[in-house]
Every structure is written in C-alpha cells, then in structure tokens.
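Worksheet: one structure, shown below.
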Amino acid sequence: MSWLSSSQGVVLTAYHPSGADQAVGDSHAKGGEQATSSRRYGQYDMNQESSTKVMEKPPFDRSSSQDSLDELSMEDYWTELENIKKSSENRQDQEVVVVKEPDEGELEEEWLKEAGLSNLFGESSGDPQESMVFLSTLTRTQAAAVQKRVETVSQTLRKKNKQYQIPDVRDIFAQQSESKEKVPDGTESQSDRTNENKYQGKDDQASSPVGEKELILPMPEEAPASETDINLEVSFAEQAVNQKESCKDRTQKGKGDNASSTHFRLPKDKTGTTRIGDLAPQDMKKVCHLALIELTALYDVLGVELKQQKAVKVKTKDSGLFCVPLTVLLEQDQKKVPGTRIPLIFQKLISRIEEGGLGTEGLLRIPGAAIRIKNLCQELEAKFYEGTFNWESVKQHDAASLLKLFIRELPQPLLSVEYLKAFQAVQNLPTKKQQLQALNLLVILLPDANRDTLKALLEFLQRVIDNKEKNKMTVMNVAMVMAPNLFMCHTLGLKSNEQREFVMAAGTANIMHLLIKYQKLLWTIPKFIVNQVRKQNTENHKKDKKAMKKLLKKMAYDREKHEKQDKNTNDADVPQGVIRVQAPHLSKVSMAIQLTEELKASDVLARFLSQESGVAQTLKKGEVFLYEIGGNIGERCLDDDTYMKDLYQLNPNAEWVIKSKPL
C-alpha cells in the first residue's frame, strides 16, 4: 500500500534567482526556449511525447531555506530529464490498466490488513486476542493512528450494513488506556522525554517550527556541518509531538537557523545495532507492521495525510531483461545462480561501468549514443542468458545509460508502486531529521527485492562519489542525475505546472542525496521498534504458557514437575554471570563465557575462531556471526560491538549460537 502526501496546509517555497544569484539562473535560461523546454518535462509520461506549450517561467518566492542553491546548479537534473525523454521516444509503450479507485473505508481497511490488524474486522474478527497483544505494545501516537483508521472502517461498515458484528473502537482500545501506567517499550514515559531531550539539544533547537514547513534543500558539500546522534530509542512520532510542544516556546523568541547542515550519526547501542536482515522472518514481519503504523503516526502528527496510491495494473513481460518485474527477473536468475538477491543484468551493468574506471569524468551524467543503446538492449535481450553477449563492445557511458534505463523501465518503480508517492512526500516534512526518520521507515517497508536492489545501487553510487576528485561527480551531482530515474514513473504521472516541477526536482534530488549519504542509518531498524517486537513476543509467550498449562492439566500431568524440568532446561547448569555459547559448525562446538562489562560479541567470536587452524580461521572470519536466539526475540544476528552483559540483561532466556547467515 501507499499513501499520497497531501500538501494541504503546507507552503512550499521555491528559489528565484535575483541579483548576485542571477548567474545560477542564467545557466538554466541559456538558449531561452531550450532551457524552458527541458524544465517542461519535470513530470511526464515517459512513453509519450509531451505536447505542452513552452510556458513563461512563473516567479518563484525565495526563502532562507534555499540559500543552499546559490552554489548548486539544477542543470544536471534538467539535462537528465531531456536525455530520458529522447531515449524514450522510440521505446514501446507499456499497456496500463487503471483499476477503480477504492473509497476511503476500503483504503483504511486495506491499511489495517497491511498493519497486521485485519482480524479486528470482518468475519474473522471473532478472536482478536492476537491483535490485542499487538495493540498493548503500541505508543500513544501509534495507537491514535490505528484508532483513526478503525473509526473510519467502522463507519463505512455500518453504512454498508455488514451482517457480522462491528467492534466498538472504545472496546478495542480499552486495554490500551488501562495499560498506559505500565508504559511498554517504545512508548513515551518521563524517562523517554528525558532521553529525547538529550538528542534535541543540537538539531531541533536550530530547526524551523513545525508549523512553518519549507522545502528543505541540501547544503553545499563544502559547508561545515555539526554532528549529532539521531534518536532511535524513542518513537519518531512521539519525538515530533515533543518537538511541536517545544517549538511553541521557541516561536515566541524567533526562528533559529535551519538545521539542514546538521549531520546525523548512527548512535552506539550497547545492546547492539539491529540492521535490516538481522532478524528472523517472523520478527521482521512484525517490524514491518510497526513501521507502517509508525510512519502513519508520524505523518498524522505533522499534519500530512497519507492516502493509498491509485491502483494501477501494468501488463508486463514474463521473461527478458528490460520492462520485466524484479520478482520475475530474480526467478529467472536464481535458476542460473541460486540464492541471488539482485538481478544479474543489474550486477553486470555495474561491473562493466566499474571495469572502465570510476574516475571517468562525467560518469552517469554523460549519456550514451541513443542508437547504440537501442541496439544494445535488443542484443542483450537475445544473448544475455545464453552467455554469448560481447561485453567488451559496451562503452562505459553506454553501460551507465543502460543501468538508468533498466531502473526507469521496471514495470513497477524501484521504490515500489505502493510507496513511491510516500517517498516523494518526504520532501514536505519540516526538518531533515524527520525526513531521515520517514526514509528509514520507508526503506523497511520496501519489498525485499526492491530494497536489496536499491541498496546495491546506492552502494555503487557511493563508490562513484568516492572518486569525485577525478570524475567531478559530487554527491549532489549524482543525486541530481539519478533522482529523475528513480522518482519519475510512467504509470504514476501527474499533470503538473512548472513551479510544481521545480519543487519536485529540488525535493527529489534532496531525497536522493539523503538516500546515498545515510545508507547505514536508513538500513537500521530503530531500537524502539525492536523493543516493541520483544514486548509482543514476551506477551505471546505468556499467553502460550497459560495455554500449555491448561493442556497439561487436562492430560493429568504433574504441573509442578513440568515447571521444574522447564526451569532446569533453561538454567542448563550454567553458573550465574556465565553464558553457554554453541558453535555446531566450528572445531570448538561449545564454550562457557564469563560475562564482563567490556565483553563484546566480537570477543566471543574471536575466542572460538582462535581454536581453528590458520586457513580455516581466515575462511570463517566474516562468514560466521553470533546470534541471539529465543527468549523475547525469534532470532537476531549481533553486530560486533554488542556488549554481551547488557544484552543478557535485556534477554536472559536467550540462547547464544555462532553460525553463518542464511542466503
């Protein structure tokens, strides 16, 4: 699902060159009609010629948040759009079937399904116990977001005179209000407010008040930036509420400088940073449910409405390379290379570009010859899987153009049809911190194939930027060039005027900039969400334990004997302050480890690997990891800097196993 940002109540200001800034504007206006022509394609159907007449450029208002454009040229963006239009003129149109747009009640019902709360409604709503456990772990703002959608669905179902019983919203959330005193993990308590204040000192004090929303543009790379940790311990929506409250006082004193120059760091967490891919599938599913609710809550707090994208069906090819869905490509590729998670053609195009050297000036910006690109596409379709394609004949700039073409011609956008508009809407959020928080949640919500391919692309783009001294492609140059390839989708085009195109150009380039620069942060699962998953698992274990006790009683087992055996199994004869680590695939299969304040996961691994022979030790290093299994988590791969004693205190019933990551 996706929800389109509504800019109701949001004022987006745009940059208008004047005075000393005219030089930047002149670079766009060169050639008069030619410059405005390139801007005309800021939002368009990639498979159709635009018949829009050249319009005279409307005046744009300037605000202090756009001073960063003084040293940035948007020319790369407009040039890339013009190149895209030219390359698409001879491409075949994809047949798009537009499905009837559902009403608001249907949208919210679908949202509840996506959030894992479908059993609150419909004929399957007889036993909502599982949902009640889920709801009991929600934060105040998350619960409000769910309640808002429940109310909408309730009203819709009553209008439709559904025969099954419609639960009362007050009944569903009665447990929520009763349990507020306990403050489950991730919710706002007094300690959370203190924790949040610790992070607000640097970035939020310099932020614009939430009520004054502006288009935030990236600062020039040379500008000095302050550094601060981003808070992953407290719900993002709760942080936004706290910021709103603190902004009321600051508004009286006058607005501070914009915080777009702040650089956010991934904070150190003694219980370990959890990355996407570290959790077991059953826990990751819960993370996605919570991420969707948290994203919706964040937008609700900031007054930005998220709506489902208009349903679009595209008739696609079931084989080939271009205009083929990612899932179909991966099915083909896994027959050739089992376990591959990124399309082989995508990997090969990146490899070919890198073979030519990443120091090539204008890499990604300079297009390949249109006729050659067309011929190469046809030849690749015929020969790629046969292994007879001659890669030596592919020039570097042609390979770069093919890579961008591959991204553009995916039947569903790389950022997914469900969430593309939600990604675009990030530009409407008031502060850079909130933009990063929203992007973090959106990355988590992407389908696995889309997320893995996006990660491979961003890592490649970072390698290009690392060679900026030679190739003259800074992070902003790369962001300007790549933004239209990721954010303009032929199946989701909107009618647009030039001012909207400018805002879209600047905004999506900024989002692209954040995606490239903050990859490590964006691929991290926030601690407050992991804590909520732990809470859910704990509550479910309690429920399962009660059910087991009833079953044992019915079967006439000695309950006390069972509990004693269960306790002995958990203790496993391990002394207090010691953990037993299992390593079934290493020479040393088990070891008792004394917990100390400074013991890290990397230290535990080192002790086991030291028992391996020289060659085996080298091979195993980087291939095996320490896992936390059971207790209040399904399974979690630990990062090297996890402090074991702190984690043990958080999950004392876990088992500890060294093994390799699954493919």
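The values are calculated or read from the model by the stated rules, or taken from the named source; none is laboratory data. No experiment lies behind these values; they were computed from the predicted model shown. Heads up, the Cβs are rebuilt from the backbone with ideal geometry, glycines too, and the neighbour counts pull from every protein chain shown. SASA here: full protein model, heavy atoms, side chains in, ligands and nucleic acids out. Shrake-Rupley method; radii C 1.70, N 1.55, O 1.52, S 1.80 Å.
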Original post:
Roughly speaking, to the nearest percent, how much of region 366-518's 1.4 Å accessible area is carbon and sulfur?
Top reply: 49
Original post:
Near D639, within a Cβ-to-Cβ distance under 12 Å, what is the net charge of the other residues, with Lys and Arg +1 and Asp and Glu -1?
Top reply: +1
**OP:** Determine, for each peptide in 372-381, 269-278, 435-444, 323-332, the mean count of other beta carbons within 10 angstrom over its residues, then list the peptides with the highest first.
**Re:** 435-444, 269-278, 323-332, 372-381
Subject >> Solvent-accessible area of W656 with every protein chain in place, 1.4 Å probe, in Å² to the nearest 10 >> reply: 10
Original post:
When the chain is fully extended, how far beyond the present Cα-Cα distance does K542 get from Q347, taking 0.36 nm per residue of separation?
Top reply: 65.6 nm
Original post:
Hey, what's the Cα Rg ratio for region 343-409 versus the globular rule of thumb, 2.2 N^0.38 Å?
Top reply: 1.03
Original post:
Of T316, T453, which has the most accessible area and how do the rest follow, probe 1.4 Å?
Top reply: T316, T453
**OP:** Determine the order of S660, S154 by accessible area, beginning with the largest, at a probe radius of 1.4 Å.
**Re:** S660, S154
Subject >> Euclidean distance between Cα centres, region 369-418 to region 639-663, Å >> reply: 43
Original post:
Which order do peptides 463-471, 342-350 fall in by mean Cβ count within 10 Å, highest first?
Top reply: 342-350, 463-471
Original post:
What pairs in K113/K336; K433/K527; K315/K404; K383/K455; K85/K336; K520/K600 have C-alpha atoms more than 24 Å from each other?
Top reply: K113/K336; K383/K455; K85/K336
